[in-house]
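Enquirer: I have a structure here, written as structure tokens, and I will follow up with some questions on it.
The values are calculated or read from the model by the stated rules, or taken from the named source; none is laboratory data. None of these values were measured; they are calculated from a predicted model. Positions of Cβ are backbone-derived with ideal geometry, glycine not excepted, and every protein chain shown enters the neighbour counts. In case anyone asks, the SASA skips ligands and DNA or RNA and just uses the protein heavy atoms, side chains included. Shrake-Rupley method; radii C 1.70, N 1.55, O 1.52, S 1.80 Å.
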Amino acid sequence: MKRVLFALLLTLVLAAPALAKVAVGQPAPDFTLTDSNGKSRSLSEFKGKIVVLEWNNPECPFVGKHYGSGNMQKQQGDATAAGVIWLTINSSATGKQGDIDGAAANAYIAKVGARQTAYLLDPTGQVGHLYGARTTPHMFVIDKAGVLRYMGGIDSIKSTDKDDIAKATQYIPQVLAELGAGKPVSVATAEPYGCGVKYGS
Amino acid sequence: MRSVLVLLLSITPLLAAADDEHVMVSLLSEHSALVPGKTAWLALRLQHEPHWHTYWINPGDSGLPTKLAWQLPPGYSAGDVAWPAPQRIDVGELQNFGYEGDVLLPVPLEVPGEAKPDTTAHIVAQVKYLVCREECIPGKADLAIDLPVSSAAGAAAKWFEAARAELPQAAKWQGDASLRGDKIEVALHGADLPPISDAYVMDRKIVNYARPQISRAADAVILSFAKSDYFTVAPPQIDLLVRAGAHAWNVRVPFSSSP
């Protein structure tokens, strides 16, 4: 019976995970993308600084919750004022919802008053897949040594309601404060919520 | 569900409806009256435009489950939704669980013993949902119905019985879950196990949402799931929905601390 079972298990097709795994406590993988101004940016150019990655789709109602309320822009502004690098990444495939070019990204930034360091375009989805980004928004925090210290949701209440923002724990300011004070990160992962990232089929 | 839809079309239920983009939601009652001290069943009906869907209690990698909040007369209480078996809705590599077409979400309403016959109960369901095709649109609706309180429940809607019959059954199998490396393994034991074709975990942060590997041995079925990227601590138990073709069961298994 054991041999039959073993053979059965061998014949079952093990679907390779399509989204790669990064893990808190492990080095964050390097990547290179073009920003909204056509400039090539790499994660490695920011070594020695804390880096926040924010997955974005301007047309997603969950992204709309955090930008429409000003929550995201405030967090971006507070972080960058403290020397943190904030990279917004758009992994919508060409032709899918949220796919924008550099000019449209700059128009979006101006319209919502976004305050990130750079808006990076990932239409092939290679960086989204590298990090396992599955929703917009989906957040990652990398420390000065290049180690991933947080991954997951932007806050603790999964909804599209702006009214929930004030009631929720905002994870990014919390992580940044703890890293700044040399404290352990109290919440290192929280499930992300939002629209699915619009990868190509 | 097709048989339910045919019966639904042939009667005029007590309802309140809202037509938002891409899904029409309405509140229905099984019986025409509420009986003091008894459980009455209501249902949220979701009629989706083709290719649009809403989500199960665990929506999967993205999305939000449909949520109900209630405004009820004093002494009344509403229980949890009895979720029908969802289907897998995959958008690329992302896995979701939800509903398309015409679906009913039944909810039990506890009527207090002190409810007075020949009065009317005003019941309001505040529904929040996310309806998606590839893009997602949040929606909300306040649905109100007035139901008379009576010593007799009155006519029962046949479509409700049909909907109830199609809900996942409570399974009586023994089983357990354990963490094995980067997998969560659920073992189900029983001589009468059906040919299980798929399984969905109801709890979040336990497994990744791809279909588990399924293997059979003697009187056992082993479901092997990839562990969630957001797994932190093992829960005391996990709730799963298990499918064998069109049939579905809800099963709860304890989580053992050592395999």
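Enquirer: Could you compute the net charge surrounding residue A:35? Neighbours are other residues with a C-beta less than 13 Å from the C-beta of residue A:35; K and R count +1, D and E count -1.
Expert: Within the 13 Å Cβ shell, the charges total -1.
Enquirer: On the Cα set of segment B:40-181, report Rg and Dmax in Å, please.
Expert: 17.9, 62
Enquirer: For residue B:83, what accessible area in Å² do you get when you roll a 1.4 Å probe over the heavy atoms of the protein chains, rounding to the nearest 10?
Expert: Estimated to the nearest 10 Å², residue B:83 gives 30 Å².
Enquirer: What is the mean number of Cβ atoms from other protein chains located within 10 Å of the Cβ atom of each residue in peptide B:135-142, rounded to a whole number?
Expert: Partner-chain Cβ atoms within 10 Å, mean over residues of B:135-142: 4.
Enquirer: Still on this structure, please answer the following. Calculate the length of the line joining the C-alpha centroid of segment B:220-259 to that of segment B:172-215, in whole Å.
Expert: 4
Enquirer: Among all helices in chain A defined by DSSP H, which have a length of 30 Å or more along the axis from Cα atoms plus a Kyte-Doolittle mean of at least 1.0?
Expert: Span-like helices, by this rule, are absent here.
Enquirer: Moving on to the next point. Taking just the alpha-carbon atoms of chain B, what radius of gyration and Dmax come out, in angstrom?
Expert: Radius of gyration, then largest Cα-Cα span, for chain B: 19.9, 62 Å.
Enquirer: Given a 1.4 angstrom probe, I'd like the percentage of the accessible area of segment B:156-202 that is carbon and sulfur, rounded to a whole number.
Expert: About 52 percent, which is the carbon plus sulfur part of the accessible surface.
Enquirer: Ignoring everything but the protein chains, give the 1.4 Å probe accessible area of residue B:90 in square angstrom, nearest 10.
Expert: Roughly 80 Å² of residue B:90 is accessible to a 1.4 Å probe.
Enquirer: Take peptide B:58-64, look around each residue's Cβ out to 10 angstrom, count Cβ atoms belonging to other protein chains, and average those counts.
Expert: What the average comes to for B:58-64 is 6.
Enquirer: Here's another thing I want to ask about it. Could you quote the convex hull projected area for the protein assembly as shown, Cα atoms only and averaged over all directions, in nm²?
Expert: 24.7
Enquirer: Starting from the Cα of residue A:47, draw a straight line to each of the lysines and keep only those under 23 Å, dropping any in the same chain fewer than 8 residues away.
Expert: List returned: A:21, A:39, A:144, A:183.
Enquirer: I'd like the mean, over residues of A:133-145, of how many other protein chain beta carbons sit within 10 Å of each residue's own Cβ.
Expert: 1
Enquirer: Rounded to the nearest Å, what's the spacing between the alpha carbon centres of segment A:70-131 and segment A:158-201? Just the number, please.
Expert: Using only Cα atoms, the two centres lie 16 Å from each other.
Enquirer: Let me ask something else about it. Excluding ligands and nucleic acids, what accessible area in Å² is computed for residue B:255 using a 1.4 Å probe, to the nearest 10?
Expert: 30
Enquirer: Let me ask another. Under a GNM of chain B (C-alpha, springs under 10 Å), which listed residue has the highest mean-square fluctuation: B:212, B:112, B:65?
Expert: Looking only at B:212, B:112, B:65, the biggest GNM fluctuation is shown by B:112.
Enquirer: Indicate the residues belonging to segment A:153-201 that lose 30 Å² or more of solvent-accessible heavy-atom surface (probe 1.4 Å) upon moving from the chain alone to the assembly of all protein chains, ignoring ligands and nucleic acids.
Expert: Buried-area filter returns A:158, A:160, A:161, A:189, A:191, A:198.
Enquirer: For segment B:167-230, what's the radius of gyration and Dmax over Cα atoms, in angstrom?
Expert: Cα only, segment B:167-230: 11.8, 35 Å (Rg, Dmax).
Enquirer: Based only on Cα atoms, what Rg/Rh ratio does segment A:27-98 have, Rh being taken as Kirkwood's radius?
Expert: With Rh from the inverse mean 1/r over Cα pairs, Rg/Rh is 0.98.
Enquirer: Which parts of segment A:97-127 would a label at residue A:37 reach, counting a residue when its backbone N lies under 16 Å from a point 7 Å out along Cα-to-Cβ?
Expert: Flagged as within label range: A:102-110, A:114-121.
Enquirer: Using a 1.4 Å probe on the protein chains only, how many percent of the accessible area of segment A:21-196 belongs to carbon and sulfur?
Expert: For segment A:21-196, the apolar C and S fraction of the accessible surface comes to 52 percent.
Enquirer: Could you work out the relative contact order of chain A? I mean the mean sequence separation of Cα pairs under 8 Å and 6+ apart, divided by the number of residues, in percent.
Expert: RCO, chain A: 28 percent.
Enquirer: In segment B:77-103, what residues drop by 40 Å² or more in accessible surface going from the chain by itself to the full protein assembly, probe 1.4 Å?
Expert: Buried on complex formation: B:93, B:94.
Enquirer: While we're on this one: For the protein assembly as shown, report the accessible area per residue in Å² (1.4 Å probe, heavy atoms, rounded to an integer).
Expert: About 44 Å² of surface per residue is accessible.
Enquirer: Dividing the convex hull volume of the Cα atoms of segment A:21-196 by its residue count, what figure in Å³ per residue is obtained?
Expert: Per residue, the Cα convex hull of segment A:21-196 comes to 101 Å³.
Enquirer: Which residue, B:32, B:224, B:151, has the most motion in a Gaussian network model of chain B that connects Cα atoms within less than 10 Å?
Expert: B:151
Enquirer: At the nearest 100 Å², what buried accessible area, both sides summed, do you get for B and A when the probe is 1.4 Å?
Expert: Chains B and A together bury roughly 2600 Å² of accessible area.
Enquirer: Let me ask something else. Go ahead and set up a Gaussian network model of chain A, Cα springs under 10 Å, then flag whichever of A:28, A:133, A:190 fluctuates most.
Expert: Of A:28, A:133, A:190, the Gaussian network model singles out A:190 as fluctuating most.
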